[in-house]
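Some notes on the structure that comes next.
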Amino acid sequence: MGRMLKTRLEEIVRAAPTLMTALRHARDLDLPDWLVVSGAVYQRVWNHLTGRDPDYGVRDYDLAYWDADTSYEAEDVFIKQAAALFPPPLNALVEVRNQARVHLWFEDHFGEPYEPLANSAEALSRFVAPAFGVGVRLEKDDRLTIEAPFGLEDLFAMTLRPNPNRQLARGWEKTTTSARNRWPEVKIVQP
């Protein structure tokens, strides 16, 4: 991942008050191997690049974590803790998901196989588009850890292309249309 783009991403994240609030509360929740991923991050970059408000188009905050206990009951404990910890309206927008559980429901929901994940960062390599595969964590010393297995070039180029590690997702057209409706500047590379 290019140092310059990583620095730019960190500056954009730190300049987004709502995202920083979410990151501080996620840090306080102290989930194992956690990251705030996808739209809560990439949409801030797109808003910055296009001169929009940092929160424009952000619908939720995906809070991924990895815990070996794959029971729904264990995940539900963390979901309830997050709902109690995050202030309104964030408490209604934060979606807490154990990445160790994804393989249990993914194929039924999305129609394609999904091998178990070894950690939260690995999940980013399976997102529908490389530009979406970015996650951040606010460390106890206020450093930002950035995970982006595909790098940050597509993110900053506002380019959506299918993930080369996956078959084309069933929802590709819906996903790209939704992104283009909110950010007409997005470039879409068709499969």
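The values are calculated or read from the model by the stated rules, or taken from the named source; none is laboratory data. Computed from a predicted model, the values in this text were never measured in an experiment. Here the Cβ positions follow ideal geometry from the backbone for every residue, glycine too, while neighbour counts run over all protein chains shown. Quick note on the areas: whole protein, heavy atoms, side chains included, nothing else; ligands and nucleic acids left out. Shrake-Rupley method; radii C 1.70, N 1.55, O 1.52, S 1.80 Å.
Some points to look at:
- Within the stretch 51-79, residues that are at positive phi reach partners that are among the charged types (D, E, K, R) with beta carbons closer than 6 Å, at six or more positions or on different chains, in the pairs GLY57/ARG182.
- Considering residues of the stretch 104-121 that are free of Cβ contacts under 8 Å to residues at least 60 places away in the same chain and open to solvent by less than 60 Å² (accessible area, probe 1.4 Å) only, the residue nearest to ASP55 (Cα to Cα): PHE106
- Considering residues of the stretch 132-165 that are among the hydrophobic types (A, V, I, L, M, F, W, C) and either free of Cβ contacts under 8 Å to residues at least 60 places away in the same chain or over 20 Å from ASN47 (Cβ atoms) (or both) only, the residue surrounded by the most Cβ atoms within 10 Å (Cβ to Cβ): LEU160
- Here PHE106 passes the criteria (1) among the hydrophobic types (A, V, I, L, M, F, W, C); (2) more than 20 Å from GLY151 (Cβ to Cβ); (3) at pLDDT 95 or above except the one numbered (3).
- Subset of the stretch 158-191 [in contact with a strand residue (DSSP E or B) (Cβ under 7 Å, 6 or more places away or on another chain) and hydrophobic (A, V, I, L, M, F, W, C)]: MET158, LEU160, ALA179, VAL186, ILE188, VAL189
- Identity of the residue in the stretch 25-38, at pLDDT 95 or above and within 17 Å of LEU155 (Cβ to Cβ), that ends up nearest to the chain's Cα centre (by Cα): VAL37
- Residue satisfying condition, being touching a strand residue (DSSP E or B) at 6+ places or on another chain (Cβ under 7 Å) and either modelled with pLDDT of 95 or more or not acidic (Asp, Glu) (or both), within set VAL128, VAL94: VAL94
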